[in-house]
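Input: a single structure, listed below in structure tokens.
The values are calculated or read from the model by the stated rules, or taken from the named source; none is laboratory data. What you see is a predicted model; the values in this text were computed from it and never measured. Note that each Cβ is placed from the backbone with ideal geometry, even for glycine, and that neighbours are counted across all protein chains shown. Heavy atoms of the whole protein, side chains included, go into the accessibility calculation; ligands, DNA and RNA do not. Shrake-Rupley method; radii C 1.70, N 1.55, O 1.52, S 1.80 Å.
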Amino acid sequence: MCKEITLSPLGRTWIFDLDGTLVKHNGYKDEGHDTLLAGVKTFFENIPNDDLVVIITARKRETAAQTEEFLRQNGIRFD
């Protein structure tokens with residue numbers, strides 16, 4: 001027997017690791033640029049606008065501006 005699941009109408013928080021989850025691992029080092037992994041853009045297009053998106057990484061602070069610009073250009077939102 002399948003029970004009905006009721007989800008909260010409140011917004012959610014999504015937490016993603018960057019390298020190897022959203023982009024090719026170390027692509028920014030090995031190839032000089034990031035590459036989105038398959039399905040990432042479509043997945044992000046389906047995250048409700050009211051939800052919070054947090055992206056974490058172990059990259060050095062010096063790469064922050066380049067990484068954030070790549071995410072914006074590819075329609076990957078983050079808060």
Practice prompt. Treating the angle as unsigned and between 0 and 90°, give the value, to the nearest 10°, between the Cα long axis of helix 64-73 and the longest Cα principal axis of the chain.
Written response: 60 degrees
Worksheet item: What are the semi-axes of the equivalent ellipsoid for region 5-66, taken as the square roots of 5 times the Cα gyration tensor eigenvalues, largest first, in whole Å?
Response: 27, 13, 9
Worksheet item: Straight-line reach from Lys29: which lysines have Cα under 23 Å away, leaving out those fewer than 8 places along the same chain?
Response: Lys41, Lys60
Worksheet entry | Amide proton proximity set for Asp51, modelled H, under 5 Å, gap of 5+ | Arg12
Response to the item:
Rounded to one decimal in nm, the spacing of the 7 Å Cα→Cβ label points at Ile15 and Lys41 is 2.9 nm
Worksheet item: Of the listed peptides 60-67, 13-20, what is their order by residue-averaged count of other C-beta atoms within 10 Å, with the highest listed first?
Response: 13-20, 60-67
Practice prompt. Would you mind working out the accessible area per residue for the chain, using a 1.4 Å probe, and quoting it in Å²?
Written response: 76 Å²
